[in-house]
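The numbers here are math on the coordinates, done by the rules we state, and not lab data. None of these values were measured; they are calculated from a predicted model. Please note: Cβ atoms are built from the backbone with ideal geometry, for glycine as well, and neighbour counts cover all protein chains shown.
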């Protein structure tokens, strides 16, 4: 068997990678996204998946780098913009930038699921991140 025999399964592997992240199975997620990169090296969606994995691990700088890479290739990728907004919102000095991206996606995203994600992220930011003291301020003590 060759990798090309599985080309039609790209979406299945990609979706399963996101599920693996939600199930806290980092090793499986990495393998699935790497498989996707082999099957379709030009597709940017595995990079979105790796960024999503970094968010879950609170490796926010790495997450932003992944989403920046996606947006260099596909500047209108709404999912990457929304995840980037969430990443920035969780950073001590990125709240304003993150909120701006999330508001933009909440108002302008074409995909309803992206709008819902942006709205949910904004709600989280308003209810938990903006509380005084912020998690970043607590960590400084």
(request) Report the relative contact order of the stretch 1-43, percent, no decimals, based on alpha-carbon pairs under 8 angstrom and at least 6 residues apart. (result) 45
(message) Just checking my list [x] 41; [y] 62; [z] 31 against percent of Cα pairs over 22 Å apart computed from this structure; which label fits?
(response) [x]
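Quick one: 65, 130, fewest Cβ neighbours within 10 Å first, how do they rank? Let's see the in-between values first.
Values: 65 17, 130 12.
Starting with the residue having the fewest Cβ neighbours, the order is 130, 65.
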(request) Rounded to the nearest 10 degrees, what's the angle between the helix 45-56 long axis and the longest principal axis of the chain, both from Cα atoms, 0 to 90? (result) 40
(request) Would you look at the GNM of the chain, springs on alpha carbons closer than 10 Å, and say which of 89, 75, 106 moves the most? (result) 75
(request) In a Gaussian network model over the chain where Cα atoms closer than 10 Å are linked, find which of 63, 28, 11 has the largest mean-square fluctuation. (result) 11
(request) Note the angle between two axes, namely the Cα long axis of helix 112-124 and the longest principal axis of the Cα atoms of the chain, as a number of degrees from 0 to 90, rounded to the nearest 10. (result) 40
(message) For the chain, what does the relative contact order come out to in percent, with C-alpha contacts under 8 Å and a separation of six or more?
(response) 14
(request) Using a cut-off of under 20 Å, list every residue of the stretch 103-117 whose amide N is near the label point 7 Å from the Cα of residue 22 along the Cα-to-beta-carbon line. (result) 111-117
(message) Rounding to the nearest 10 and keeping the result within 0 to 90°, find how far the Cα-based axis of helix 78-89 lies from the longest principal axis of the chain.
(response) 40
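How do 21, 30 rank when sorted from fewest to most other Cβ atoms within 10 Å of their own Cβ?
Details: 21 23, 30 16.
Listing 21, 30 from fewest to most nearby Cβ atoms yields 30, 21.
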